[in-house]
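*Asks:* Can you read through this structure? Questions will come right after.
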Amino acid sequence: MPAYARKTTIKDQFGARRTPDGAILCNRCNCNIADENANPEGTVYLLYTDKAHLNNNIPHDVYCEGCLNTYNPKPKIV
C-alpha cells in the first residue's frame with residue numbers, strides 16, 4: 001500500500017494546539033518545524049499510512065520537507 005503525504009503549514013494544521021513550549025518536532029531528525037528561523041514558511045508534511053487514515057485525517061507522523069524527500073521519497077502527495 002502506498003503512503004500518502006499532505007503538504008500544509010503549521011498555522012493551518014496545528015494552530016494553537018502546540019506543546020507548551022511551541023515546538024513541533026520532525027519525526028526523523030527531531031528539528032523544531034515550528035521554529036520560524038529554521039522554517040520561515042512553516043511548511044510541514046503529514047504522512048498517512050493508507051487511504052482510510054487520509055480520509056479520516058489521522059496522520060501517522062509529521063515530517064520536515066528534507067526528511068520526507070530523503071526517507072520517504074515516493075509517497076503520493078495529496
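*Asks:* I'm checking my understanding of the structure. Among residues of the range 22-78 that are of a type in the set (D, E, K, R) and in a strand (DSSP E or B), which one is surrounded by the most Cβ atoms within 10 Å (Cβ to Cβ)?
*Replies:* Keep residues of the range 22-78 that are of a type in the set (D, E, K, R), which gives 28, 35-36, 41, 50-51, 61, 65, 74, 76.
With the extra rule that they be in a strand (DSSP E or B), the set shrinks to 61, 76.
On the way: 61: 17, 76: 12.
Filtering first and then ranking leaves 61.
*Asks:* Determine, yes or no, whether residue 6 is under 18 Å from residue 60 (Cα atoms), of a type in the set (Lys, Arg) and either modelled with pLDDT under 85 or part of a loop (DSSP other than H, G, I, E, B) (or both). Break it down stepwise before answering.
*Replies:* Working: under 18 Å from residue 60 (Cα atoms): yes; of a type in the set (Lys, Arg): yes; either modelled with pLDDT under 85 or part of a loop (DSSP other than H, G, I, E, B) (or both): no.
No; evaluated as a whole, the condition is false for this residue.
The values are calculated or read from the model by the stated rules, or taken from the named source; none is laboratory data. Bear in mind the structure is a predicted one, so any value in this text is a computation, not a measurement. Ideal geometry is used to build each Cβ from the backbone, glycine not excepted, and the neighbour counts take in all protein chains shown.
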